[in-house]
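Participant: Sharing a structure, written as structure tokens. Questions coming.
The values are calculated or read from the model by the stated rules, or taken from the named source; none is laboratory data. For clarity, every value in this text was computed on a predicted model and none was experimentally measured. Note: ideal-geometry Cβ built from the backbone for every residue, glycine included; neighbour counts use all protein chains shown. We work out accessible area using only protein heavy atoms, side chains counted, and drop any ligands, DNA or RNA first. Shrake-Rupley method; radii C 1.70, N 1.55, O 1.52, S 1.80 Å.
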Amino acid sequence: MRRYVMLAAAVSPLLAAAAAVTVPGCGEEFENICAFLQDPNSCYADFHRDFADKCGALSVGSGPKGSFASRETLDVCFLEEGGQVVFDPPLDIAAFPPKTIAFKIMDAQAEECGAFTYSGEFTYSVSLACNQADKDAGVESCADVGVADDGTVIMHGTVTVNAPEGRDTLDVSCADSSSHHFNRIDAEKKCGEYAQLLPRAVIKTSLGTQPPPDAGPVAPEGFEGFISFSIHYPPRHALLDGERDVLARSKAEVVKYFHCEFPPSPALCFNGVKDGPETDIDCGGTLCDGRCGDGQLCVQDRDCGAGLECGIVDGFRKCQKVETGAGGAGGTGGTEGTAGAGGQ
């Protein structure tokens with residue numbers, strides 16, 4: 001019996017070790033992410049070298065600027081220099097900041113420049129259209145993706161980056177049909193100097209700030225909301241020169257694809273809603289300068305406009321025209337006071 005107990009005790013660690021290897025997610029084979037980030041010929045580096053700032057502009061703050069027509073419908077951003085950013089589905093102002101977005105960038109000739117999706121910093125795709133100029137320049141990242149109805153060959157350069165939620169893995173698929181599987185944490189532990197070069201997408205948003213209550217029906221500038229989108233790429237100069245020390249000290253090159261503003265929330269005294277101390281919609285009380293009109297709710301006479309007083313109408317305090325009784329005396333009790341004067 002003792003022999004069996006000893007054998008079981010000896011085997012238990014081996015069984016435990018075997019079980020650890022079979023835990024889902026363990027035992028995966030990862031490529032060397034440090035080598036990928038350092039490689040001037042990686043598919044991600046090639047993609048950036050081929051397309052550079054196509055559809056956008058290099059460096060934070062320099063991206064194409066535009067605006068939405070209204071705050072309620074965030075489907076098309078009209079770019080100042082021509083073109084559009086078309087969101088499908090439209091952005092929902094009630095769900096800001098958005099967790100996922102999908103959009104196309106159209107140029108001033110109404111031709112597609114690129115299509116993008118975003119579901120997280122390390123989960124996104126960018127697909128840039130190839131025009132004749134790209135082909136003439138020998139862009140290698142353009143892939144034949146089909147034929148249009150008119151027989152024209154459709155070409156795009158596409159990179160897809162994916163990091164499953166709750167995991168540290170990073171999958172990169174490139175225009176050359178290659179795919180790569182990495183452990184994102186390796187970039188921090190094994191080559192921390194290159195961690196800032198990890199491919200990533202960044203969305204920045206703001207709902208804007210609330211304008212002063214009496215700012216008017218059209219809010220002044222400075223209260224707008226916005227959404228912007230950018231992608232981080234390897235620095236081309238360091239990669240092309242093969243200068244590893246320069247690369248280690250370099251930051252990622254940021255291509256900003258758009259910065260689109262939308263109108264702020266309407267001023268409280270012009271928003272068509274009864275807010276806080278207002279006695280009726282956009283009038284009365286201490287919040288708004290506007291006084292209430294005939295038939296609107298009130299608390300006291302000063303809530304009402306010129307020539308009106310606050311009295312009881314059908315059981316509610318409402319603004320009504322001032323009526324004079326016999327002898328020219330003004331009614332002071334609203335409907336009740338007027339009725340009393342009339343009954344004399």
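Participant: Would you calculate the separation in nanometres between label points at Ala306 and Asp176, each defined as 7 Å from the Cα along the Cα-to-beta-carbon direction?
Facilitator: 7.9
Participant: So how much accessible area does Asp294 have, in Å² to the nearest 10, using a 1.4 Å probe?
Facilitator: Using a 1.4 Å probe on the heavy atoms, I get roughly 100 Å².
Participant: Then there's this: Find the relative contact order for region 198-239 and round it to a whole percent, using C-alpha pairs within less than 8 Å whose residues are 6+ positions apart.
Facilitator: It rounds to 56 percent for region 198-239.
Participant: Sort region 147-235 into rounded, prolate or oblate with this rule: let a ≥ b ≥ c be the square roots of the eigenvalues of the Cα gyration tensor; rounded if a/c is under 1.5, and if a/c is not under 1.5, prolate when a/b is larger than b/c, oblate otherwise.
Facilitator: It is oblate, given that a/c is not under 1.5 and a/b is not larger than b/c.
Participant: Once a ≥ b ≥ c are taken as the square roots of the eigenvalues of the Cα gyration tensor of region 95-135, is the result rounded (a/c under 1.5), prolate (a/b larger than b/c) or oblate (a/b not larger than b/c)?
Facilitator: Judged from the Cα gyration tensor, region 95-135 comes out oblate (a/c at least 1.5, b/c at or above a/b).
Participant: Take the Cβ-Cβ distance between Arg236 and Asp136 as r, set R0 to 22 Å, and report the resulting FRET efficiency rounded to the nearest 0.05.
Facilitator: 0.60
Participant: Length gain on complete extension for the stretch Phe316 to Leu207, per 0.36 nm per residue less the alpha carbon to alpha carbon distance?
Facilitator: Taking 0.36 nm per residue and subtracting the Cα distance, the gain is 35.5 nm.
Participant: Rounded to the nearest whole Å², what accessible area per residue is found for region 156-195 with the 1.4 Å probe?
Facilitator: 49
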